Amino acid sequence: MNSNQKKRVFQIEAFKHKVVVDPKYADKTWKILEFAIHEIYNHNASGLSFEELYRNAYNMVLHKFGEKLYSGLVSTMTFHLQEISISIEAAQGGLFLEELDRKWTDHNKALQMIRDILMYMDRTFIPNTHKTPVHELGLNLWRDNIIHSGKIQTRLLTTLLELILRERIGEVINRGLMRNIIKMLMDLGPSVYQEDFEKPFLEVSADFYRAESQKFIDCCDCGDYLKKAERRLNEEIERVSHYLDPKSEIKITNVVEKEMIENHMLRLVHMENSGLVNMLLDDKYEDLGRMYNLFRRVPNGLSTIRDVMTSHLRNTGKLLVTDPERLTDPVEFVQCLLNERDKYDKIINLAFNNDKSFQNALNSSFEFFINLNPRSPEFISLFVDDKLRKGLKGVSEEDVELVLDKVMTLFRYLQEKDVFEKYYKQHLAKRLLSGKTVSDDAERSLIVKLKTECGYQFTSKLEGMFTDMKTSQDTMQEFYAAHGAELGDGATLTVQVLTTGSWPTQPSVSCDLPAEMSALCEKFRSYYLGTHTGRRLTWQTNMGTADLKATFGKGQRHELNVSTYQMCVLVLFNNADRLSYKEIEQTTEIPSSDLKRCLQSLACVKGKNVLRKEPMSKDIGEEDAFFVNDKFTSKFYKVKIGTVVAQKESEPEKQETRQRVEEDRKPQIEAAIVRIMKSRRVLDHNNIITEVTKQLQSRFLANPGEIKKRMESLIERDFLERDTADRRLYRYLA
């Protein structure tokens, strides 16, 4: 090819022949389509060729007659809908909704066919001209010509509301028809459903339930009223599920809740003879559960129940802990508290869904009234003492744990836990020394629980008491191994050696032991001090027991289990037939109060009266004389003679215990002050009080006056000093 040859250029020209469309084409084609739409609405669509109709509509849009096609569609559909409107208006009574439903179904079928024919217009012309799509157009025209027709709109709403009212008063209605009509309103758009039905429906419902609730509350008790309210609420929820918009559920339930519950809350809980307090008293779990479930749905509902329950519980508890009759029996007193606690635990569990806020209210109420009685710590300890002595015999391990857990619940409410510790230590000591504890495992289990709750310091001495008991057993085995042969078959001795710091301090009271026992005690003392250096032994005769073999008239033999004091008294009668009170007192040197209790248990308790006294009376006088009761009989060979004791402390003993507690608190308060000041260096008076109270609240509630005294004491001993510029500030001196 010649490089100089010119390139040939090709040019494509436009098609010169002009297509001419028949001027009447649009009208002719529209007439065909219009006829088809009429036939569709008249249920004669079976003879139509949908392919041909689609092509005609396609060509009209292609030849720029889309506007004519669209406007023609609007006018044709409007014409038919106006005719349908007249037909629906003419329907009488119950046929009105049926006619409306039938025509709506027909319109939807027609609309589907028309949309298929005009699919090309729907996909091209309508989006380009921003007109309403065919299906939506059909719905809008139905809304404007049928639903918003002057004669249909009000009639439709009235009919729907009347049917719902009839259903509410117990009549059966056609729910399927209702569902279709409501669905029609929803299909026409959220605003149609809401404005034309939902808003008036909610207003009418509010009026209905306002009147009904007033009628119910005037004639029903609280339980029945709540049942009716619950039933109405469930009916409305069911109604929504059958034929209303799911979004209406929250709105209609809010109406029922407001009119039937919220507006009558206070009247319901305080209703005479059937309100919340009566339900609590009568353990009406079902009614309480219903009240809880209904009230939780409204603002401040649960707080209303909680406040009334708390107020009732505090008043009941206050009466219980201050009732003089209850205070005579500590075990019964604590059992009543536990019963009350169990009762409300069960109510909260079964009726209040284990609601934490109700649990907290229960706990704060118990803490409030238990601490109104200053003797609560002592009584709880006495209750434990009773259970661990005899109350839990034959009870399974799980049940023992259950009782101990319940006791711990009450213990947690105590503000003065150190007072409980004092009493518990005394009671535990008596159980261990007398061998009366029902189970070592139960004792140790409670100590573990106390340790978990309050820390090692709280239980270290209690654990020391168990250690002493074990060590004492080993010591006695070693003593008899060393001296058993020389002791022979005479009296035997069992000694428990107690560490002074671990056991409750007891006044050292001595009495004159019988010569044989005195010699045996001296032998043990020599052995013990010989094997342990730097120790000192003090005999606590008031805490001991003895087993005596006794022979009464007619050769009746018994083994008597008695206290050491009782043994000292009974042995005297080996050498005398008759002894006066004063002779016994001088010979034994037992303190007067203990001796009177001892003689009372030997001579005045029916079935245990191994002695007789003159004159016969329940009390022991200093002029009384005593003899062996030769007529004493018992069906048991072993007879246990207890000592008559006051279960509760006497007033002086109470004062003494309180004084000891106050003394024990002083170093704890001082230690807390020093700990706080060491870390903070400088602190004002009020903050020290707050911090110390907070630190010590797990053991006791510190008195601000006592804290101030301890601060003064620490200033005197140069642990703290007051700030020279501001007297309210304290400084720590390193």
Subset of region 145-173 [part of a helix (DSSP H, G or I) and loosely packed, with under 13 Cβ neighbours inside 10 Å]: Gly150, Lys151, Thr154, Thr158, Glu162, Arg166
Any hit, region 201-210, residues being hydroxyl-bearing (Ser, Thr, Tyr), modelled with pLDDT of 95 or more and buried (at least 18 other Cβ atoms within 10 Å of the Cβ): yes
When residues of region 321-346 are limited to those that are open to solvent by less than 20 Å² (accessible area, probe 1.4 Å) and touching a residue at least 24 places away in the same chain (Cβ under 8 Å), the one nearest to Val277 (Cα to Cα): Tyr344
Conditions (1) within 21 Å of Arg179 (Cβ to Cβ); (2) surrounded by fewer than 19 Cβ atoms within 10 Å (Cβ to Cβ); (3) aromatic (Phe, Trp, Tyr); number of the one not met by Phe79: (1)
Residue within region 639-650 that is open to solvent by 100 Å² or more (accessible area, probe 1.4 Å) and modelled with pLDDT of 75 or more present: no
Unique residue being exposed (fewer than 12 other Cβ atoms within 10 Å of the Cβ), assigned to a helix (DSSP H, G or I) and at pLDDT 80 or above when the list is Gly484, Gly530: Gly530
Pairs, first charged (D, E, K, R) in region 456-475, second exposed (fewer than 15 other Cβ atoms within 10 Å of the Cβ), C-beta under 6 Å, six or more apart: Asp468/Thr499
Subset of region 347-368 that is more than 16 Å from Val308 (Cα to Cα) and in contact with a Leu (Cβ under 9 Å, 6 or more places away or on another chain) - its residue that is least open to solvent (accessible area, probe 1.4 Å): Glu367
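Tell me which residues, restricted to region 552-584, are part of a helix (DSSP H, G or I) and either aliphatic (A, V, I, L, M) or surrounded by fewer than 18 Cβ atoms within 10 Å (Cβ to Cβ) (or both).
Selection gives Gly553, Lys554, Gly555, Met567, Val569, Leu570, Val571, Leu572, Lys582, Glu583, Ile584.
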Hits in region 285-305 - residues which are farther than 30 Å from Ser191 by Cβ, touching a helix residue (DSSP H, G or I) at 6+ places or on another chain (Cβ under 7 Å) and open to solvent by 30 Å² or more (accessible area, probe 1.4 Å): Tyr285, Arg296, Leu302
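The values are calculated or read from the model by the stated rules, or taken from the named source; none is laboratory data. Quantities reported herein were computed from a predicted structural model and do not represent experimental measurements. Positions of Cβ are backbone-derived with ideal geometry, glycine not excepted, and every protein chain shown enters the neighbour counts. Side chains are part of the model used for accessible areas, which takes the heavy atoms of the whole protein and leaves out ligands, DNA and RNA. Shrake-Rupley method; radii C 1.70, N 1.55, O 1.52, S 1.80 Å.
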